[in-house]
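Have a look at the structure below, then the notes.
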Amino acid sequence: MIGKLKGVIDEIGDDHVLVDVHGVCYVAFCSARTLSRIGSPGEAVTLVIETFVREDQLKLYGFISAEERGWFNLLQSVQGVGTRVALAILSTLSAGEVANAIALGDKTAVSRAPGVGPKVATRIVNELKNKVPAGLSMGDSEGVAFRQDVGEGKAPAAVSDAISALSNLGYSRDQAAGAVSAALKKAGEDADSAVLIRLGLKELAS
């Protein structure tokens, strides 16, 4: 079982990279985000690997981090999500953005990935909200708790109103939630929506 590859990039394709390890070339399928970050042919590369063995094939999937590999595996625990769809999601959203989308219950963000329809996106955010395994980060625990409260409709009205207002200005729900979370820490829990919007805009502009 291969868990990591260290070698030199031989070739980069649309969905894979060829890694030369002491004269032996390995094909590792990767997300578009990983492919954009690993470098260029001739450069050294280290990939975290997930090995898939089937009766008729053996495939290697490469990741820039163990966290990305963790989400790749966790996403596949949802019915209707295979390796292709999991990579599509990780090509569209970073590991952190996947975590925030799930915490927020933001199925729209997940459904931006090719091949992910509304039903699959809904299953992903519903089934994975409480299934993050040990060692797989969803960001800081306080921020995750805040986002889950927002996603589940438990957040104060001022918070929800401020997030909606920032979203209406063109920011993603994840960006808006992060900004309002930071604003809430500065203004205090009794702050009204107008204050949260003003401070949230400052956070987004910084």
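The values are calculated or read from the model by the stated rules, or taken from the named source; none is laboratory data. Bear in mind the structure is a predicted one, so any value in this text is a computation, not a measurement. Neighbour counts are summed over all protein chains in view; Cβ atoms, including those assigned to glycine, are modelled from backbone coordinates with ideal geometry. Ligands, DNA and RNA are excluded from the accessible area calculation, which covers all protein heavy atoms including side chains. Shrake-Rupley method; radii C 1.70, N 1.55, O 1.52, S 1.80 Å.
Excluding same-chain neighbours fewer than eight residues apart, the aspartates and glutamates reachable from LYS119 by a Cα-Cα span under 16 Å are ASP106, GLU127. Given LYS107/LYS129; LYS4/LYS59; LYS129/LYS186; LYS59/LYS131, which pairs have Cα atoms separated by over 23 Å? Long pairs (Cα-Cα over 23 Å): LYS129/LYS186; LYS59/LYS131. Model label sites at ASP192 and LEU58, defined 7 Å from Cα along the beta-carbon direction, differ in position by 6.7 nm. Surface exposure of the chain, expressed per residue as accessible area with a 1.4 Å probe, stands at 52 Å².
If you put +1 on each Lys and Arg Cβ and -1 on each Asp and Glu Cβ, how big is the dipole of the chain around its Cα centre, in Debye rounded to 20?
260
Sorting 80-89, 52-61, 183-192 by average packing, meaning the other beta carbons within 10 Å per residue, from highest down gives 80-89, 183-192, 52-61. Averaging the Cα positions of each part gives two centres, and for segment 65-80 and segment 153-195 these lie 29 Å apart. The modelled label-to-label distance between SER206 and THR51, using points 7 Å beyond Cα along the C-beta direction, is 4.7 nm.
Taking the empirical scaling 2.2 N^0.38 Å for compact globular proteins as reference, segment 17-106 has a Cα radius of gyration ratio of 1.14. For the chain, the convex hull spanned by the alpha carbon atoms encloses 138 Å³ per residue.
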